[in-house]
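One structure is given below, encoded as structure tokens.
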Amino acid sequence: MITPLIIANWKMAIDKNGVEAFKADWNSRPPMTGVDVVVAPPAPYLSVVSGLTGVSLCGQTVSENDMGAHTGEIAAAMLSDVGCQYVIVGHSERRQHQGETNAIVAQKAKRAQLAGLTPVVCVGEPSHIRAAGKAASYVRDQVLSSCDDLSDGLVIAYEPVWAIGSGEAASADVASSMHLDIKTALADRYADLRVIYGGSVKPDNCAAFTTAEGVDGLLVGGASLSAESFWNICAAAIGAE
Ligand code: PGA
């Protein structure tokens, strides 16, 4: 059985006091076993988060370039140097606001793997694509173009754009069917692949996803900012709640 992977994406939504408060609360709780717990803090707080018990570190993005003259960017090797094991690439907020194309996302994922990081490649359709009945083919194209020329050992996060931060999660059936399609699309390329769901995951709906066929874990935004809520989501993933 695949170990569930639960990733907290804190985006740019927490300050140092918030990180310290999360850490004190999280570290006072029983350690999690049987689940891979990962936190992606804002980059300046990576060193603060490295003290979280039983938690692996994740970057929120990475440069598609190697080290050099790229002001403001973070190289994959640097994330690796400060203890990251994972990095999110191609989150829909970056695709939308920073103009990240599938080709750029593929380059970022490649850089991540070359530095020994596991890329978490985000894909997902906007609402008008779903309304037009084209979600499956849109996501399939995104997945195939964003995961070009990679090695084994990657994570795909299926995050429908309309579900992110909206309070309107996809149904477990919608997620399951998309996850199975993603696995089919990549079956002849990668054997070591986990597909996780993101988009308005909360403590009260998370079990529906983690028990759904094809769903190997979760990418959690808003509900990961509180240690209690994130701990409850991780506990639900292993049926310990
Ligand atoms: P959300 O964000 O859980 O707040 O919807 C998920 C994400 O953007 O990764």
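Details
- Size descriptor, Kirkwood hydrodynamic radius, that averages inverse alpha-carbon separations across region 18-96, Å: 13.8
- Net length gained if the chain between Thr71 and Ser28 were fully extended (0.36 nm per residue, minus Cα distance): 11.6 nm
- Debye-sum result for region 170-241 in log10 I(q)/I(0), which assumes one identical scatterer on each alpha carbon, at q = 0.12, 0.14, 0.24 Å⁻¹: -0.32, -0.43, -1.01
- Note that the chain, at 25 °C in a medium of 0.890 mPa s, gets a Stokes-Einstein diffusion coefficient of 138 µm²/s from its Kirkwood radius over C-alpha pairs.
- Rg and Dmax [Cα atoms of region 113-236; Å; Rg one decimal, Dmax integer]: 14.2, 40
- Rg and Dmax [Cα atoms of region 1-136; Å; Rg one decimal, Dmax integer]: 16.1, 48
- Projected label distance in nm at Asp152 and Asn205, using a 7 Å step from Cα toward the beta-carbon: 3.5
- Taking region 5-237 and dividing mean pair separation by its residue count, relative contact order in percent (alpha carbons under 8 Å, at least six apart): 20
- Cross-link partners for Lys23 among the lysines, with Cα-Cα distance under 23 Å and sequence neighbours closer than 8 places in the same chain left out: Lys11, Lys202.
- Of the solvent-accessible surface of the chain, computed with a 1.4 Å probe over protein heavy atoms with every protein chain present, carbon and sulfur atoms account for 50 percent.
- For region 1-143, the solvent-accessible area works out to 47 Å² per residue, with a probe of 1.4 Å and every protein chain left in place.
- Stretching His128 away from His97 to a fully extended chain increases their span by 9.3 nm, per 0.36 nm per residue minus the current alpha-carbon distance.
The values are calculated or read from the model by the stated rules, or taken from the named source; none is laboratory data. If you're wondering where the values come from, they're calculated on a predicted model, not measured in any experiment. All Cβ positions, even for glycine, are placed from backbone atoms using ideal geometry, and neighbour counts span all protein chains on display. The protein model used for the area step is the full one, side chains on, heavy atoms only, and it has no ligands, DNA or RNA in it. Shrake-Rupley method; radii C 1.70, N 1.55, O 1.52, S 1.80 Å.
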